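The structure appears right after this line, and notes come after that.
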Amino acid sequence: MTAQLHPDTVQTVTRIVIILTHGVDAIVVGYYRGGDLIYVARVRNGFVPASRRQIFARLKPLLIPKCPFVNLPERHKGRWGEGLTAADMDKCVWVKPELVARIEFLEWTGGDHLRHAKFAGLRSDKEPRTVRKEHAGEL
């Protein structure tokens, strides 16, 4: 069943704690499944110029040469463009997954991606390795 949104309202079904691993124009986020970091979304929404500058300053010292996600690259972008292909990855600057963010989103897709994801702030109360996939009502 697809959620019907009134054009004058914003609906947030749930929030999830996610690790930040990419800066500048967007962040690439994921969660840990066992010891593996799993990609779930590229998030552009929710930033203002001040938050972009602040996050970039926090990410800059964490640069690394390789992608930390075990499920990338993906073969296709997917129906809604949520996939991250090898060509997309060439544009990414990777960082150590040491920051945790709160991401608001509408739902999980069948392909284990976030739909309509929005950055809602950094968290300092959670360690990156403890971040797991959450569902509605698990806050």
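The values are calculated or read from the model by the stated rules, or taken from the named source; none is laboratory data. These numbers were taken from a predicted model, which means no experiment stands behind them. Note: ideal-geometry Cβ built from the backbone for every residue, glycine included; neighbour counts use all protein chains shown.
Here are the numbers for the structure shown:
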| item | result |
| --- | --- |
| Selection status of Gly110, exposed (fewer than 11 other Cβ atoms within 10 Å of the Cβ) and either touching a Pro at 6+ places or on another chain (Cβ under 9 Å) or over 13 Å from Ile27 (Cα atoms) (or both) | yes |
| One residue from Glu98, Glu104 being touching a strand residue (DSSP E or B) at 6+ places or on another chain (Cβ under 9 Å), acidic (Asp, Glu) and crowded, with 17+ Cβ neighbours inside 10 Å | Glu104 |
| Close pairs (7 angstrom Cβ cut-off, 6 or more residues apart or separate chains): under 17 Å from Asp112 (Cβ atoms) and basic (Lys, Arg) in the stretch 59-80, surrounded by 11 or more Cβ atoms within 10 Å (Cβ to Cβ) and modelled with pLDDT under 85 anywhere | Lys77/Gly83 |
| All positions within the stretch 39-65 that are surrounded by 13 or more Cβ atoms within 10 Å (Cβ to Cβ) and small (Gly, Ala, Ser) | Ala41, Gly46, Ser51 |
| Criterion: farther than 21 Å from Gly34 by Cβ, at pLDDT 85 or above and loosely packed, with under 13 Cβ neighbours inside 10 Å - qualifying residue of Ala86, Ala117 | Ala86 |
